Amino acid sequence: MDEEQVHSKLRALPSVDALLHQPLVQSLRASLSAERLTALAREVIGELRAELLGQESSAPRSDLLVEAAARLCARVERERASSLQRRVINATGVVLHTNLGRAPLADVAVEAMARASRYCALEFDLETGKRGRRGARVERLLGELTGAEAALVVNNCAAATLLVLSALARDGEVIISRGELVEIGGDFRIPDVMAQSGATMVEVGTTNRTRLVDYERAINARTRLIARVHQSNYRIIGFTHAPSLEELASLAHAHGLFLYEDAGSGALVDLRQCGIDGEPIIRESLEKGADVVTFSGDKLLGAAQAGLIVGRRECVERLRRHPLYRALRVDKLTLAALEATLEIYRRGHHLDQVPALRMLAVTPEELERRALSLASRLRASAPKLRVEVIAGQSAVGGGAAPMANLPTSLVALEHEEHSAAEIERALRQSDPPIIARVSDEKVMLDLRTVAADEEVNLFNALLKVA
Ligand SMILES: *Cc1c(COP(=O)(O)O)cnc(C)c1O
């Protein structure tokens, strides 16, 4: 292409200024800053320029200004569509869906956050008028619910692990089994956190079998901690062995060491009636002799993102005094949500009032009844859909309890004209967006994670696509 050809092609390209003066673009000025609009206009013009230069023919395109305005509006729409303020319907049956925000909060937790969003006694003692301790009430509730002497709250469980290792083992050694060097989704890897903390990781045993003597042989003058990390999102089955927490605690204490357990999700109460087995119950871990235990606020606990640390006062106070704590501490909104959620547990109402637990506790009969009812309504109103109800499994998600037995009834959909992938996309792009699974060329809806008042959205969206 010679210079003249390039020139004639680019002549049709509107200027950024002309684009900004289009009525459609002007109408966006109420919701976007002038700078953002100009930046978007530049991006769109740049995109059109690249397309023009890539084209074979140089047929003039008189509608380029209109085209540019439409593209700019579409970009703004896409930005809005992914706003966090938009509710999303989770029809995947994965209760703690990390990509969808893990645990949905209890109503009282949401109300508590709203109240705390104004001035509140975050670090103020209303009795004496002096400075109070941030998170004191959450710490007290955690102590009550787990039997711990002391507690501390940080930003997430990854932060809790980093703080424990930094404060209790920097420049020393931490003994850990090779079967527990986990990676949790989103780049949390035990060896990396260990390196970041300044502690040296001493791996013992093998992937499937680690014995008490393996730990014992690794103890030397530089050892600071014995660590037990919950396998969270995977299980090793078959020819396996790991010492019990009690055995590890006796060994650690006989050598003047602390035992640290990263429980991951953990649970505040026994959740076997929800199909959850094998997650450490925090109170039991402490009773078995762990000196410090960390777990997440937004996994099975069902509250906001946070890392909860409980254990012996001596350990917890060392964490509180460590400079990293100031960088990892949580804000008042998180503390308010935690406080309200822990109060639900203390009243014993967690199975009805903590949404994640309520979803896990729903009976298979109830799920089947809801699925059959939605299926029959769809059959009556959407003749092009083939609707079946089939048996399936929901999942806990969030890297917790991968083997949980959560039988459910799936509404399985096929369409006469559209593929499963097309239906899945249409649901995802409806308002509110609906997230569903596809398997065996069918769209699968699991009502376990769909609130009763969201079923009408699901129904209407399906009528639209069908
Ligand atoms: C999930 C998990 C973490 C990370 O927790 P976040 O709260 O997501 O930071 C750490 N350790 C274990 C064992 C986990 O299961």
Leaving out same-chain residues fewer than 8 places away, which lysines sit with a Cα under 19 Å from that of K130? K332
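Where both residues lie in region 120-235, what percent of DSSP beta bridges are antiparallel, nearest 5?
25 percent
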Just the number, please: percent antiparallel of the DSSP beta bridges in the chain, rounded to the nearest 5. 55 percent
Geometric extent, Cα atoms of region 105-350 - Rg, Dmax (angstrom): 18.0, 61
Alpha-carbon Debye profile of the chain, log10 I(q)/I(0) at 0.10, 0.11, 0.13 Å⁻¹: -0.89, -0.99, -1.15
For K288, list the lysines whose Cα falls under 26 Å from its own Cα; do not include residues on the same chain fewer than 8 positions away. K299
May I ask you to compute the full-extension gain from H241 to R118, defined as 0.36 nm times their residue separation minus their alpha-carbon distance, rounded to one decimal in nm? 39.1 nm
Spin-label model distance (nm) - N405 vs D125, 7 Å beyond Cα toward Cβ: 5.3 nm
Looking at region 249-371 from every direction and averaging, what is the projected area of its Cα convex hull in nm²? 9.3 nm²
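Working from the pairwise distances between different alpha carbons, so that the mean of 1/r is found and then inverted, what is region 3-81's Kirkwood radius in Å? Don't jump to the answer; show the numbers that get you there.
On the way: mean 1/r = 0.0764 Å⁻¹.
One decimal place: 13.1 Å for the Kirkwood radius.
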Give me the 1.4 Å probe accessible area per residue for the chain, excluding ligands and nucleic acids, in Å². 49 Å²
For D440, tell me the accessible area in Å² from a 1.4 Å probe, rounded to the nearest 10. 130 Å²
May I ask you to list the lysines whose Cα is less than 19 Å away from that of K464, ignoring any residue fewer than eight positions away on the same chain? K384, K442
Ignoring ligands, DNA and RNA, what percent of the 1.4 Å accessible area of the chain is carbon and sulfur? 50 percent
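The values are calculated or read from the model by the stated rules, or taken from the named source; none is laboratory data. Please read all numbers here as calculations on a predicted model, not as lab measurements. For neighbour counting, all protein chains shown are included, and Cβ atoms are generated from backbone atoms with ideal geometry for every residue, glycine included. Ligands, DNA and RNA are stripped out before the accessible areas are found, and what is left, the full protein with its side chains, is counted by its heavy atoms. Shrake-Rupley method; radii C 1.70, N 1.55, O 1.52, S 1.80 Å.
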